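Coordinate-derived values only; no laboratory data. None of the values given here were measured: they were computed from a predicted structure. Glycine gets a Cβ as well: all are built from the backbone with ideal geometry, and neighbour counts include every protein chain shown.
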Amino acid sequence: EAQVTQNPRYLITVTGKKLTVTCSQNMNHEYMSWYRQDPGLGLRQIYYSMNVEVTDKGDVPEGYKVSRKEKRNFPLILESPSPNQTSLYFCASSPGLAGHNEQFFGPGTRLTVL
Amino acid sequence: QKEVEQDPGPLSVPEGAIVSLNCTYSNSAFQYFMWYRQYSRKGPELLMYTYSSGNKEDGRFTAQVDKSSKYISLFIRDSQPSDSATYLCAMRTRADDMRFGAGTRLTVKP
């Protein structure tokens with residue numbers, strides 16, 4: 001089944017404790033991205049990657065890191081999480097950068113930073 | 001001012017009603033317009049996609065884009081309880097400049 005998977009689905013952590021949220025897609029997509037979803041603000045892009053070893057900042061990159069060492073994986077790293085990073089996170093992938101490509105979303109990771 | 005404005009609702013309608021969901025936007029460069037449906041505890045899934053202005057129909061769903069007014073709509077006919085979800089409008093020129101509305105939460109009551 002074609003899908004985007006994320007782990008963990010739920011995470012409660014404390015301020016300053018490094019964490020990684022994994023994202024994997026099995027559709028051989030070139031483009032992957034991370035979003036956060038907050039009430040009243042919709043989905044906002046954190047980082048994106050157009051291919052292996054090619055990443056770039058989205059609209060809200062502060063406090064986050066990413067890497068793209070393999071085409072299928074795009075982990076999101078919070079080196080020193082803070083309470084304002086409490087949010088619902090989605091990973092997404094699409095075949096390419098062109099606007100007509102459908103973007104497929106993972107199931108989401110709900111993160112709480114205490 | 002947000003780049004994409006969407007009334008968050010919530011919107012509650014009886015089963016069988018016609019539902020109208022709307023978004024306005026400010027960036028005239030947007031060419032691709034999408035509606036995503038998001039069920040509780042799930043990721044968004046693409047419902048309708050339209051390129052440039054015009055209408056597109058798919059079963060009970062109709063998407064309209066009016067680029068001159070920077071206004072897009074989604075109509076749901078004969079709404080069902082299974083349509084209860086949050087509906088997100090989205091638009092872009094390409095994948096890395098995608099902008100989402102805040103989402104409208106819809107409940108269809110039996």
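What the table below lists for this structure:
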| read-out | value |
| --- | --- |
| Cα-based radius of gyration of the protein assembly as shown once divided by 2.2 N^0.38 Å, which approximates compact folds | 1.01 |
| Range of Cα positions in segment A:48-114 per principal axis (Å), largest first | 38, 23, 21 |
| Square roots of 5 times each gyration tensor eigenvalue, C-alpha, segment A:7-66, largest first, Å | 21, 15, 13 |
| Estimated dipole of chain B in Debye, rounded to 20 [Cβ of Lys and Arg +1, of Asp and Glu -1, Cα centre] | 160 |
| Filter on A:LYS69/B:LYS2; A:LYS69/B:LYS70; A:LYS71/B:LYS42; A:LYS65/B:LYS67 - keep pairs with C-alpha separation over 30 Å | A:LYS69/B:LYS2; A:LYS69/B:LYS70; A:LYS65/B:LYS67 |
| Stokes-Einstein D (µm²/s) once Rh is taken as the Kirkwood radius of chain A over alpha-carbon pairs, at 10 °C in 1.306 mPa s | 114 |
| At R0 = 41 Å, FRET efficiency that the Cβ-Cβ distance of A:LYS69 and B:ALA29 yields, to 0.05 | 0.80 |
| Positive-end residue, segment B:19-69 charge dipole about Cα centroid, Cβ charges, pick of B:THR24, B:TYR39, B:TYR51 | B:TYR39 |
| For segment A:47-114 and segment B:16-93, distance of Cα centres in Å | 24 |
| Compactness relative to 2.2 N^0.38 Å, alpha carbon Rg of chain B | 1.01 |
| Loop-located chymotrypsin sites (Phe, Trp or Tyr not before Pro) in segment B:21-110, at most 13 other Cβ atoms within 10 Å (DSSP) | B:TYR39 |
| Check: the protein assembly as shown dipole with +1 on Lys, Arg Cβ and -1 on Asp, Glu Cβ, in debye | 480 |
| Extension gain from A:LEU114 to A:LEU11, taking 0.36 nm per residue of separation minus the Cα-Cα distance | 36.0 nm |
| Pairwise Cα inverse-distance average, inverted: Kirkwood Rh of segment B:1-43 (Å) | 13.1 |
